[in-house]
Structure formats: C-alpha cells, structure tokens
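Engineer: Following this message is one structure expressed as structure tokens.
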Amino acid sequence: MSRRSAGARPTPRSPESRSRERGSRPSSSRSSGSSYWLYGLHAAEGALANPRRQIHEILATREGLTALETKGLKLPVTPNVVERSRIDQLCERDAVHQGVALRVEPLESLLLEDALERPGPVLVLDQVTDPRNIGAILRSAAAFGAAALVLQDRNTPQESGVMAKAASGALDIVPVLREVNLSRALAQLQNAGLWVVGLDAGGGRLNGAGYEGRRVALVLGAEGAGLRRLTRESCDEIASVHMPGDMESLNVSNAAAVALYELIRPV
C-alpha cells in the first residue's frame, strides 16, 4: 500500500493555532468524581513516581507499607494502615493487590504533538476493549521504548485498577492519548513524518530492518474483528507477524510485544 501524496496531508498548524487548540480542547480525563482504586506494588510505585498523577488516599497493610517505604518514594498523603480484607473489598475478585491500594485520578491525555517529543515508535489500538490487554500492551510499550499509546475515546475502556495492575506500572510511564477520530489521528502521525503500519492478517512480513531511518506508528485491531476498514485504508502499509509454527494468530497484547521487538531489535 503506498502512501498518499503530500497534497492530501492535513495542513501543518501554526504555533498560534496550536496554542488556540491547547486552550479550547476539553480534557479527556474524567472529573474529580471519577477517581478509582489502583492496586499492586508495581502499579502503586509507578503512580507515586509520576508527578502528573493526583493521589487522594493510600491504603496499605503493614507489610504493604513496609514494601512501599523500602522504595524510597515520597508519599503525597499519609497512608492508612488497614487489614488486608479492607483492600480486598476495593478490588475485583482474586486481585493480587500485595497489600497496597491508592485512590487516584485518571491521568490527563496529552496532545499528540507533545507525546511525539518522546522518542520511539507509537502504538495505536483500534477498539481493543479488554483492559487487561491494554495494560499488557502498555507494559510491552514501556519495555521496548514506545513513545505513546493512542486509543479511540469511544468503545475503549477507561483507565482502571484492572488496567493499571496489568500494566505493572507502565500506565504511569507511557502516555495514553485518547482521540475521538482515529483516522484523523493517523493522518496527524503521517503529517508528523511517521510511517503508519497496520498489523493484520494478509499483510507482508513485518521486518524491522526495512524501517531503518523511519519512525513507525504500529496499529493493532481488536481480537477477532481486526482492523476496521477505514483504519486499514488510513495505513501506509499492512504487515503481519511472521509465525512459522502451527498457530495462526496471537493475542493482541502478545502480537504487540512481538511487533515492537521486531521494530527495535538490532539488525
């Protein structure tokens, strides 16, 4: 699939128009009434180390508090020492909270151009709805140095304790951007010089060496449905992960990890 001509690109915005957008664009984070409980030592450590994270309460067992204190992190509020059963009540069934829970506000979404100031590839998810998958993808994104994760605001779960736990601290490392129109976001990425690669069955083999000198935005679709038609048409190229074994597909979070490694692996 060939990239569209430069004449079809959106016109780059002036500094003045960018400033107006900053002032007029509503924040996509939820209001102060939308705080949630984030749990687990790695998730809590990530939140406490993130200056952008607003923390209202800290609950911890004595063991959990000791584990936090050994990290040497500054605690913005005085922790409440509680029984493990109290934290059990705040989490989903069988959650492994390790004796720590933080009531936090969701992070505000960055503007795309601000996120692109970070190095590395960009991940884009096309209506991936499982918060555990999104969390696992964030963990891989942090491990392989991705700049940001772009989600469609509709049909995508909000930030939650389940997502934060699966991300194992990466929710506070990799910026998550929520965009109303995913096709427009892909056009912005292309306008910024990124090569947009849709990961889907039927594409050519994803070969990281072929992107040397180019910055890539990798687009992944929902399990089963894959990329939507308009999303596929917005990509510069469709590629697939090479799988020589007997399995035809991977879980979307596993596919993201393999694809990210392929993009950054030494040639």
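The values are calculated or read from the model by the stated rules, or taken from the named source; none is laboratory data. Treat the numbers as computed from the prediction; the structure is a model and nothing was measured. Using ideal geometry, Cβ is built from the backbone for each residue, glycine included, and neighbour counts are taken over all protein chains shown.
Engineer: When you look at GLY99, is it in contact with a helix residue (DSSP H, G or I) (Cβ under 9 Å, 6 or more places away or on another chain) and either aromatic (Phe, Trp, Tyr) or surrounded by fewer than 19 Cβ atoms within 10 Å (Cβ to Cβ) (or both), yes or no? If you could, list the steps in order and put the result at the bottom.
Structural biologist: Numbers: in contact with a helix residue (DSSP H, G or I) (Cβ under 9 Å, 6 or more places away or on another chain): yes; either aromatic (Phe, Trp, Tyr) or surrounded by fewer than 19 Cβ atoms within 10 Å (Cβ to Cβ) (or both): no.
Judged against the criteria, GLY99 is not a match.
Engineer: Would a scan of segment 204-219 turn up a residue that is more than 16 Å from LEU112 (Cβ to Cβ), in the same structural domain as LEU125 (by TED's automatic domain parsing), over 20 Å from the mean Cα position of the chain (by Cα) and surrounded by 20 or more Cβ atoms within 10 Å (Cβ to Cβ)? Reasoning before the result, please.
Structural biologist: Of all residues in segment 204-219, those more than 16 Å from LEU112 (Cβ to Cβ) come to 204-214.
The next check asks that each one be in the same structural domain as LEU125 (by TED's automatic domain parsing); those that pass are 204-214.
Keeping just the survivors that are over 20 Å from the mean Cα position of the chain (by Cα) gives 204-214.
Then keep just the ones that are surrounded by 20 or more Cβ atoms within 10 Å (Cβ to Cβ); that gives 206.
Within segment 204-219, one or more residues are more than 16 Å from LEU112 (Cβ to Cβ), in the same structural domain as LEU125 (by TED's automatic domain parsing), over 20 Å from the mean Cα position of the chain (by Cα) and surrounded by 20 or more Cβ atoms within 10 Å (Cβ to Cβ).
Engineer: Hey, another quick one. For segment 226-267, give me each residue that is in a loop (DSSP other than H, G, I, E, B), more than 20 Å from the chain's Cα centre (by Cα) and not β-branched (Val, Ile, Thr).
Structural biologist: Answer for segment 226-267, where residues must be in a loop (DSSP other than H, G, I, E, B), more than 20 Å from the chain's Cα centre (by Cα) and not β-branched (Val, Ile, Thr): ASP236, HIS242, MET243, PRO244, GLY245, ASP246, MET247, GLU248, SER249, ARG265, PRO266.
Engineer: Determine whether SER168 is surrounded by 14 or more Cβ atoms within 10 Å (Cβ to Cβ), in contact with a Lys or Arg (Cβ under 6 Å, 6 or more places away or on another chain), among the small types (Gly, Ala, Ser) and modelled with pLDDT under 95. Walk me through how you get there before you give the answer.
Structural biologist: Values: surrounded by 14 or more Cβ atoms within 10 Å (Cβ to Cβ): yes; in contact with a Lys or Arg (Cβ under 6 Å, 6 or more places away or on another chain): yes; among the small types (Gly, Ala, Ser): yes; modelled with pLDDT under 95: no.
It is false that SER168 is surrounded by 14 or more Cβ atoms within 10 Å (Cβ to Cβ), in contact with a Lys or Arg (Cβ under 6 Å, 6 or more places away or on another chain), among the small types (Gly, Ala, Ser) and modelled with pLDDT under 95.
Engineer: Could you tell me whether ALA142 is under 11 Å from the mean Cα position of the chain (by Cα) and either surrounded by fewer than 23 Cβ atoms within 10 Å (Cβ to Cβ) or over 30 Å from ALA60 (Cβ atoms) (or both)? Show your work before the answer.
Structural biologist: Values: under 11 Å from the mean Cα position of the chain (by Cα): yes; either surrounded by fewer than 23 Cβ atoms within 10 Å (Cβ to Cβ) or over 30 Å from ALA60 (Cβ atoms) (or both): yes.
So ALA142 passes the test.
Engineer: Determine which member of the set ALA201, ALA255 is surrounded by 13 or more Cβ atoms within 10 Å (Cβ to Cβ) and among the hydrophobic types (A, V, I, L, M, F, W, C).
Structural biologist: Working: ALA201 fails: surrounded by 13 or more Cβ atoms within 10 Å (Cβ to Cβ).
Matching residue, one of ALA201, ALA255: ALA255.
Engineer: Being among the hydrophobic types (A, V, I, L, M, F, W, C), more than 21 Å from GLY46 (Cβ to Cβ), modelled with pLDDT of 95 or more and touching an Asp or Glu at 6+ places or on another chain (Cβ under 9 Å) is true for just one of VAL196, VAL162, VAL180, VAL176. Which residue is that? Let's see the steps before the verdict.
Structural biologist: On the way: VAL162 fails: more than 21 Å from GLY46 (Cβ to Cβ); VAL180 fails: modelled with pLDDT of 95 or more; VAL176 fails: more than 21 Å from GLY46 (Cβ to Cβ).
Result of the check over VAL196, VAL162, VAL180, VAL176: VAL196.
Engineer: Within segment 111-120, can one find any residue that is surrounded by fewer than 17 Cβ atoms within 10 Å (Cβ to Cβ) and touching a Ser or Thr at 6+ places or on another chain (Cβ under 6 Å)? If you could, list the steps in order and put the result at the bottom.
Structural biologist: Start the filter on segment 111-120 by keeping residues that are surrounded by fewer than 17 Cβ atoms within 10 Å (Cβ to Cβ), which leaves 111, 113-114, 117-119.
Narrowing the set further to residues that are touching a Ser or Thr at 6+ places or on another chain (Cβ under 6 Å) leaves none.
No.
Engineer: Now for a different question. Take the residues of segment 145-165 that are surrounded by 20 or more Cβ atoms within 10 Å (Cβ to Cβ) and charged (D, E, K, R): which is nearest to GLY221 (Cα to Cα)?
Structural biologist: GLU159
Engineer: Tally up the residues in segment 146-194 that are small (Gly, Ala, Ser) and assigned to a loop (DSSP other than H, G, I, E, B), please. Full working, then the answer.
Structural biologist: Step one: filter segment 146-194 for residues small (Gly, Ala, Ser), giving 146-148, 160-161, 164, 166-170, 183, 185, 187, 192-193.
When the remaining residues are screened for being assigned to a loop (DSSP other than H, G, I, E, B), the result is 146-147, 160, 168-169, 192-193.
So the answer is 7.
Engineer: Here is a follow-up. For segment 121-138, give me each residue that is surrounded by fewer than 22 Cβ atoms within 10 Å (Cβ to Cβ) and either in a helix (DSSP H, G or I) or charged (D, E, K, R) (or both).
Structural biologist: Hits for segment 121-138 are ASP130, PRO131, ARG132.
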